[in-house]
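Here the structure comes first, spelled out in structure tokens, and everything after it is commentary.
The values are calculated or read from the model by the stated rules, or taken from the named source; none is laboratory data. All figures in this text were calculated on a predicted structure; none of them were measured in a lab. Cβ placement follows ideal geometry from the backbone for every residue including glycine, while neighbour counts extend to all protein chains displayed.
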Number of protein chains: 2
Amino acid sequence: MKAVKQGLLPCFNLLQLQGEKIIKEAEEENTQKEMSFDFKAYMLQKGNFVNQALDNAVTLKEPQKIHEAMRYSLLAGGKRVRPILCIAACELVGGNESMAMPSACAVEMIHTMSLIHDDLPCMDNDDLRRGKPTNHKVFGENVAVLAGDALLAFAFEYMANATVGVSPARVIQAITELAKDIGAEGLVAGQVVDILSAGLSDVGLEHLEFIHVHKTAALLEGAVVIGAILGGGTEEQVEKLRKFARCIGLLFQVVDDILDVTMSSQELGKTAGKDLVADKATYPKLLGLEKAREFAEKLNTEAKEQLAGFDAVKAAPLYALAEYIAHRQN
Amino acid sequence: MKAVKQGLLPCFNLLQLQGEKIIKEAEEENTQKEMSFDFKAYMLQKGNFVNQALDNAVTLKEPQKIHEAMRYSLLAGGKRVRPILCIAACELVGGNESMAMPSACAVEMIHTMSLIHDDLPCMDNDDLRRGKPTNHKVFGENVAVLAGDALLAFAFEYMANATVGVSPARVIQAITELAKDIGAEGLVAGQVVDILSAGLSDVGLEHLEFIHVHKTAALLEGAVVIGAILGGGTEEQVEKLRKFARCIGLLFQVVDDILDVTMSSQELGKTAGKDLVADKATYPKLLGLEKAREFAEKLNTEAKEQLAGFDAVKAAPLYALAEYIAHRQN
């Protein structure tokens, strides 16, 4: 057995060298394609499509007050990173934009709901969000609670009702995934552990990672995974993209922690330095600023490794989104 | 044409008389079957099944605090009218209990969520619910908001993930229906108009009906309609049961208004006389107590008329549920 293996070695080595040459050439080609990808134009175009779709999805009908409150926060001009991730993942596995759009909007509705409830006086008690007064400051606490509830319910209605060109079984799989990512084992789990950790002096790295993986990464994971499901991705593709999303999700929060201590409120469009004031555990606090930056780069690299097996042109938006999340300034 | 019609008349009359006799006999038989239906035993048995299913659906996992808060309100021993309506509607159109159970649980999760959020200090500011301290009194406002959010999300996860023996297309139809019934055109619409009406002196009957049809009837309608959808009901059957549910939904609230002025807090298991204190528009206030009771009876009759075309034995639970909602004491 050993001899056979040895006998095969020269040939194997030759093949390996040829293989490495092919991989290197392909990587260079991919880098060229990546470089030729116009990320700004892509984000602008997709962001406009998403904004239009959100505007059409939640119209100003009766009772006006609640729809006004929902639209106020939903159309406040966020970066639409989550819906764009959803669409990009759908297109990467061979689906098209329209298959993912209702779910992409649903993810943004849920993200908005979580911000409205998170800003409430009984939660983070925030007055400023995306550079504007928070929902409860404008509409009152009671309407803000209900606007969040309505957005959460409507997200599922819209996903179930407006998705076309996808088999009902895949829509159900996507609904299950999204609901799990935002419930007591996802987003809400992160929020509740975050609340319970406030003021604790012994919050370690593992504990902090639990909060971030749930509070921030879960919904980004949901966005990518439901895009891949709706686009017709294989189980293997969906799981690779899940791993990609987990990395960029954690990356998103590590960068958020870094920005909180390095930028001003004006630059961020929300209150800066809040983590320091609240004495919250953050990556810069636990690792130091430089190590936190190194950790962010490691996550960025790990995320991009998951995209290696996909077509480079189609994967360019996700490569660029990881880069953007790693190096964003607000 | 006239002659032909006249010529047919005697025969038609005879057939009509025979038909009336058959209908009368059938009605008498139905009344007997209704009378032989043991409602108390039915409610006890189905209620136990629902409680067991809810207990299994939301277990005490990590993070414990949020699951504890969810279970505290979900398992506080309500009457389970909504899930039982869902199961009864499913069985009436030919489905079985297991097809409806995950959705029946989902309806109760959503009902519980609406109670938790409704009791918050920024909403109704209630200290007592189902004879126990309200969720935020035990777990704090922040955890109560999140427990509601988690129950809302989990309702859809459970419905999408745990329903078996039903086609994915019907599950999606049921999810769409339920989400619509609880969002800004359903339950939330009723809540927000209710909030905005507090203290107004010119709330008329139409306005009051809008609040009740949305705040209370929408979720009861959802329970019945999704049961009928999941059980394989025809479009005609689903719409008849929708009308039935709208009547008993409004009936439920009219009776609630009546109980608020006629019963004590101890009898109700929640604060009585609140509507009077808050000077809220109610049916007894707008119609007087006797006329409000007459209106309740009218709705009860209209509801039961919708069941006329169904098999009497299978319809017995819904007949009895309408009677129960009309004549309940708490």
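When the residues of the stretch A:225-255 are narrowed to those that are in a loop (DSSP other than H, G, I, E, B) and among the small types (Gly, Ala, Ser), which ends up surrounded by the fewest Cβ atoms within 10 Å (Cβ to Cβ)? Filtering first and then ranking leaves A:232.
So, residue A:176, is that one without any contact (Cβ under 8 Å) to a residue 24 or more places away in the chain, buried (at least 19 other Cβ atoms within 10 Å of the Cβ) and of a type outside the set (Phe, Trp, Tyr) or not? For residue A:176, the condition - without any contact (Cβ under 8 Å) to a residue 24 or more places away in the chain, buried (at least 19 other Cβ atoms within 10 Å of the Cβ) and of a type outside the set (Phe, Trp, Tyr) - is met. Screening residue A:208 against (1) assigned to a helix (DSSP H, G or I); (2) closer than 17 Å to residue A:83 by Cβ leaves a single unmet condition, (2).
Of the residues making up the stretch B:128-145, those that are within 18 Å of residue A:183 (Cα to Cα) and free of Cβ contacts under 8 Å to residues at least 40 places away in the same chain are B:141, B:142, B:145. Looking across the stretch B:39-48 at every residue that is surrounded by fewer than 18 Cβ atoms within 10 Å (Cβ to Cβ) and not charged (D, E, K, R), the one that is farthest from the other protein chains (Cβ to nearest Cβ) is identified as B:41. Can you pull out the residues in the stretch A:159-173 that are facing another protein chain (nearest Cβ under 9 Å) and either part of a loop (DSSP other than H, G, I, E, B) or buried (at least 24 other Cβ atoms within 10 Å of the Cβ) (or both)? If the condition is that a residue be facing another protein chain (nearest Cβ under 9 Å) and either part of a loop (DSSP other than H, G, I, E, B) or buried (at least 24 other Cβ atoms within 10 Å of the Cβ) (or both), then A:159, A:160, A:163, A:167, A:171 are the ones that fit. Restricting attention to the stretch A:103-134, the residues that are at the interface with chain B (Cβ under 10 Å from one of its Cβ atoms), among the β-branched types (Val, Ile, Thr) and farther than 18 Å from residue A:220 by Cβ total 0. When we screen B:316, B:312, B:303 for residues that are farther than 15 Å from residue B:81 by Cβ and crowded, with 22+ Cβ neighbours inside 10 Å, the only hit is B:316. Any residue in the stretch B:195-203 that is in a loop (DSSP other than H, G, I, E, B), modelled with pLDDT of 95 or more and of a type in the set (S, T, N, Q)? No, the stretch B:195-203 contains no residue that is in a loop (DSSP other than H, G, I, E, B), modelled with pLDDT of 95 or more and of a type in the set (S, T, N, Q). Considering the stretch A:148-157, and only residues there that are in contact (Cβ under 8 Å) with a residue 60 or more places away in the chain and at the interface with another protein chain (Cβ under 8 Å from one of its Cβ atoms), the residue that is nearest to residue A:114 (Cα to Cα) turns out to be A:150.
Scanning the stretch A:304-325 for residues that are aromatic (Phe, Trp, Tyr) and closer than 15 Å to residue A:248 by Cα yields A:319, A:324.
The residue of the stretch A:74-102 that is nearest to the chain's Cα centre (by Cα), among those that are under 30 Å from residue B:193 (Cα atoms) and more than 13 Å from chain B (Cβ to nearest Cβ), is A:78.
Okay, residues lined up against (1) under 14 Å from residue B:70 (Cα atoms); (2) under 19 Å from the mean Cα position of the chain (by Cα):
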{"residue": "B:112", "(1), (2)": "yes, yes"}
{"residue": "B:130", "(1), (2)": "no, yes"}
{"residue": "B:134", "(1), (2)": "yes, no"}
{"residue": "B:142", "(1), (2)": "yes, no"}
{"residue": "B:154", "(1), (2)": "yes, no"}
{"residue": "B:170", "(1), (2)": "no, no"}
{"residue": "B:175", "(1), (2)": "no, yes"}
{"residue": "B:191", "(1), (2)": "no, yes"}
{"residue": "B:202", "(1), (2)": "no, no"}
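Checking the stated criteria, residue B:222 turns out not to satisfy the condition of being assigned to a helix (DSSP H, G or I), of a type in the set (Gly, Ala, Ser), closer than 27 Å to residue A:106 by Cβ and more than 14 Å from every other protein chain (Cβ to nearest Cβ).
Number of residues in the stretch B:258-269 that are part of a helix (DSSP H, G or I) and either crowded, with 24+ Cβ neighbours inside 10 Å or of a type in the set (S, T, N, Q) (or both): the value is 3.
Note on the stretch A:181-199: residues that are within 7 Å of chain B (Cβ to nearest Cβ) and buried (at least 22 other Cβ atoms within 10 Å of the Cβ) total 7.
Only helices (runs of 4 or more DSSP H) whose full extent lies in the stretch B:52-142 are considered here, and the ones with at least 2 residues that are β-branched (Val, Ile, Thr) and either buried (at least 23 other Cβ atoms within 10 Å of the Cβ) or touching an Asp or Glu at 6+ places or on another chain (Cβ under 8 Å) (or both) are B:81-92, B:97-118.
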